[in-house]
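First comes the structure, then the notes that go with it.
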Amino acid sequence: MVLTGFRPRRLLVVVAVLFGVLAAGVAPAAAHAALTGSDPAQGSVVAHAPEQVALTFSEGVAMGNDSLRVLDPQGKRVDRGKLRNLCSGSVVKYGAGLPPGLPNGTYTVAWQAISADSHPVSGAFTFSIGAPSKTAAAVPQQQVGGGLVGALYEIARYLAYAGFVLLVGGAAFVVACRPAAARVRSVQRLVVRGWALLTGATLAMLLLRTPYTGSGKLADVFDFGGLQQVVMSKPGAALLSRLLLLAAAALFVAVLFGAYARLHAPDGTDANDTDGSDGTGEAEDAEDAEDAAKRRKDLTFGLAAGGTVLAAGLATTWAIAEHASTGLQPAVAMPVDVLHLLAVAAWLGGLAALLVSLYWGPPVERTAVRRFSRVAFGSVLVLVATGTYQSWRQVGSWHALTDTSYGQLLLVKVGLVAVMVAVAGLSRRWTGRLTAATPGTNRTNHTNRTDRTESTAAPAVAQDTSAPSDTEDAPAADTAGSGGPADPARVAQLARQQAALVTARKKRIRDADPVRRGLRRSVLTEAAVAVLLLAVTTALTTTEPARTAEAVKAASADRSPDANQPRVLNVPFDTGGADGKGTARLDLDPGRSGGGNELRLRIADPSGKARDVPQVEVSFTLGAKKLGPLPVALRHSGTGHWTASGVQLPVPGRWQLSLLVRTSDFDQVTETRNVTID
C-alpha cells in the first residue's frame, strides 16, 4: 500500500516528542536501595532511650555524617552528628549515636543516601521513648530525585543513552557495513550529533548531580563545592571518565570522516562530495592502487580496534555506576552489561544510520544492507543471551515479573524487542528481494546498475542526468548558449540549480524502485519501535529491581506486627469539656485472631502525664463478617492504666476499634480506628 503524503521527517519528530514525554514521566526515580529494617523499629515505643539509631538497607549505599538525623519532639537535632559504619558481611547497616538521658516523647529519624547504582533515596520515620507525644519536627515531603530536577536528570539520562547509540552504532555501521557512508553527509551528521548529544547530556548530568541527590533546587547546579564532592563519588567519577573518553571519541570521528573518507573516495570524484554528487578529485595512479588498498586496510583495522576500545569504555561508565555494579555477581554482571549496551548500540544505532542513508543520500549498496542484516542478527543473539542473564539477576522469580513495576516494564521491553525482530524479518525479506531483483524497466535497470558499487554510483547518475532531456534542465542549457562575459553570481546560482536538479533526478530514480521503497518503510518502522524500546530501557534504569522489591516486602513482613509485635494505636481525643483533651494509647498483644490477646490502655493528658477518667470502653467490630461489636472487659490497673486479658477476635480481617472516653458527667466522645488482625 502506498502512503500518500508520507513524510518520514515529520514522523520521526512526532515519535521523538512522544518519547520525550515518556522519558519525563519516569521521574522521580524509584528507590533502588531500600530501608529493610531499623533499630528502634518504625512506630515502636521503647522504655528507655537507645544508645543509637541504626538503619539496615537492601544494598550498598553511600552516606555522610548529615545523612542520618534524629530530631526530638521540638524538632531539634539530638544525634551526635557522626555516622557509624555497622556493615558486616552482606548486611548493609549504618547508625548514629544518641546522648544518654533523652526525655520521653516521639522522635523523628530522617535519612538520605545514594544507592550503589547512583540513585538517591530518602525517608523518615518515628519512634517513641516512654510514651508517644506530639512532635514539631519538620520532615521534607518530597523525596530526593524528584520534582523538576529529577525530571531534567531523567531526560538527560535518556539523551545520553540516545547519543551513545547514535555515536557507537553509526560509526560501527560505517566501518563494518558501508565504508562509503563516511562520505555521506546525512550519516556524518547523525554520528556527530550523537557525539554532541552524549557530551551535552553527560555535562548536564554532572551539573545536576548536586541538586538531584541533595536539595532538589535547580539553582544548585552552580554549587561548585557540591560539584567537587560529586566528582569524588563513584557516579561523578564515571561521568567525568565518560567526558574524557568522549574527547578521544572526537578524534576518532575526525579521522573517520576525514582520512578514512578520503581513502574510500571513488576514482575520479571529490572526497568532499558528501552527498554522492559528481566530483573532480585526484584519481589514483595504477601503480599506487595496491598501496592505497593497504592504507585502507590498515586504517580500517585501526579504527575498528580503537573504536571498539572507546565504545567499551563508554559502556563501562554506565556499568560501574548503575544496576550492574551492585547486587548479585557484580564481577559477572558488569561485563555482561557492557556487552548488552554494545549490542543495543550496534543494532539500533546501525539501524538509524541505515535509515538516514536510505532517505537522504546516494542509493545504498545491496552489499551494505546485507552486511548490516548480519550485524543486527548477531546483535540480537547477544541481546538475548545478556538480557536473559540480567533478567534472572534483577527479577529472581516468575511471579515478580507481574507483581513488580520492574517486571512489568521488562515484559513490555521483551514485547517491543519481539516486534522489532518481526519487523527486522520483514526487512530481511526486502533485502533478499533487493539482491535477487532483476530490471523490469529502463529506470529500474538504471537504478540497479547505479547501485552495484559505490565507486560507480555517482558517475553513472551524473552521466545519465547530464543531458537536458527534461524541461527542468532549461537553466543549464540557457547558460551554455549565452554569449558574452558570464556574471559570477549568475553562474553560481545556475550551478546550484543544476546540482539540485541532478540530486532530484537521482532521488526520483532511487525512489522509483518498489523494493527499495519497501525496505525504507520497514526500516523506518524498526526505528520507530526502537525509540519506544529505548524509552522503556531508560525507565528500567530508574525503577527498583524486582528482586530488591521482593526482598523489601519480605523484610516488611518479617517486622510486621504479626511477628510477635503488638498492634499499637495512639488515639487523640477531645470530649469538649474542661480538661477534655488527651491521648489514649492502646497496645494489643500479639494482635492475632483467636484468643490470648492482651489489651493495655493508657490515658494521658496533653502534657503526657497519665490520668484517670470516669469511664472508658473499648469494643471491636468486623463489618465484613457482621461480627460485633465485641466489648472488651477492662480492668483498672493503676492511674491512667487499664488492662484486659483473653481478648477474643475470632477471625482475621480489618477490624474497627471503638474507644469511648468520658471525662465528666456530660462530656464524652467516641473515637474509631481500623486495625488489621491476621
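State, to one decimal in nm, how far the label point of residue 621 lies from the label point of residue 578, with both points 7 Å from Cα in the Cβ direction.
3.4 nm
Fully extended, how many nm does the chain gain between residue 656 and residue 66 (0.36 nm per residue separation, minus their Cα-Cα distance)? Could you put the intermediate results ahead of the total?
Working: separation 590, 0.36 × 590 = 212.40 nm, distance 4.10 nm.
208.3 nm is the gain from fully extending residue 656 to residue 66.
Just subtract the alpha-carbon distance of residue 636 and residue 289 from 0.36 nm times their residue separation and send over the number in nm, one decimal. Don't skip to the end; give the middle numbers.
On the way: separation 347, 0.36 × 347 = 124.92 nm, distance 10.73 nm.
Difference between extended and current length: 114.2 nm.
Set the Förster radius R0 to 56 Å, insert the Cβ-Cβ distance between residue 412 and residue 645 as r into 1/(1 + (r/R0)^6), and round the FRET efficiency to 0.05.
After rounding, the FRET efficiency stands at 0.55.
Taking the Cβ of residue 65 as the centre, find all other residues whose Cβ is under 12 Å away and add up their charges (Lys, Arg: +1; Asp, Glu: -1).
On the way: positive: 69, 77, 80, 82, 84; negative: 66, 79.
Overall, the nearby charge balance is +3.
Near residue 253, within a Cβ-to-Cβ distance under 12 Å, what is the net charge of the other residues, with Lys and Arg +1 and Asp and Glu -1?
Values: positive: 189, 193; negative: none.
Residues near residue 253 contribute +2 overall.
Rounded to the nearest 10 Å², what accessible area does residue 616 have for a 1.4 Å probe in the complete protein model?
20 Å²
Of 134/626; 581/625; 76/581; 297/413; 76/217; 76/609, which pairs sit farther than 29 Å apart, going by alpha carbon to alpha carbon?
Exceeds cut-off: 134/626; 581/625; 297/413.
Under the 0.36 nm per residue contour assumption, what length would be gained going from the current alpha-carbon distance of residue 403 and residue 329 to full extension?
Details: separation 74, 0.36 × 74 = 26.64 nm, distance 2.38 nm.
Extra length from residue 403 to residue 329 when fully extended: 24.3 nm.
In nanometres, what is the gap between the two model label sites at residue 309 and residue 665, each 7 Å from Cα along Cα-to-Cβ?
9.7 nm
Take 411, 501, 197 and sort them by solvent-accessible surface of the protein heavy atoms, 1.4 Å probe, largest at the top. Intermediate results must be reported in sequence, preceding the final value.
Details: 411 85, 501 35, 197 60 Å².
Listed by decreasing accessible area, they come as 411, 197, 501.
Using a 1.4 angstrom probe on the protein heavy atoms only, could you order 212, 158 from most to least accessible area?
Values: 212 0, 158 30 Å².
From most exposed to least exposed: 158, 212.
Given a 1.4 angstrom probe, I'd like the percentage of the accessible area of the stretch 610-673 that is carbon and sulfur, rounded to a whole number. Provide the component values of the computation, followed by the final result.
Numbers: 1820 of 3610 Å².
The value for the stretch 610-673 is 50 percent carbon and sulfur by accessible area.
Classify the stretch 567-677: rounded, prolate or oblate, from the alpha-carbon gyration tensor (a ≥ b ≥ c, eigenvalue square roots; a/c under 1.5 rounded; otherwise prolate if a/b is larger than b/c)?
Numbers: a/c = 2.14, a/b = 1.67, b/c = 1.28.
Cα axes put the stretch 567-677 in the prolate bin.
Convex hull volume of the Cα atoms in the stretch 35-129, per residue, in Å³? Provide the component values of the computation, followed by the final result.
Details: hull volume 8.1 nm³, N = 95.
Per-residue hull volume (Cα only) is 86 Å³.
Mind giving me the nanometre distance, one decimal, between the label points for residue 196 and residue 385, set 7 Å out from Cα along Cα→Cβ?
3.8 nm
The values are calculated or read from the model by the stated rules, or taken from the named source; none is laboratory data. In this text, all values refer to a predicted model and were calculated from it rather than measured experimentally. Please note: Cβ atoms are built from the backbone with ideal geometry, for glycine as well, and neighbour counts cover all protein chains shown. With ligands, DNA and RNA removed, areas are computed over all heavy atoms of the protein, side chains included. Shrake-Rupley method; radii C 1.70, N 1.55, O 1.52, S 1.80 Å.
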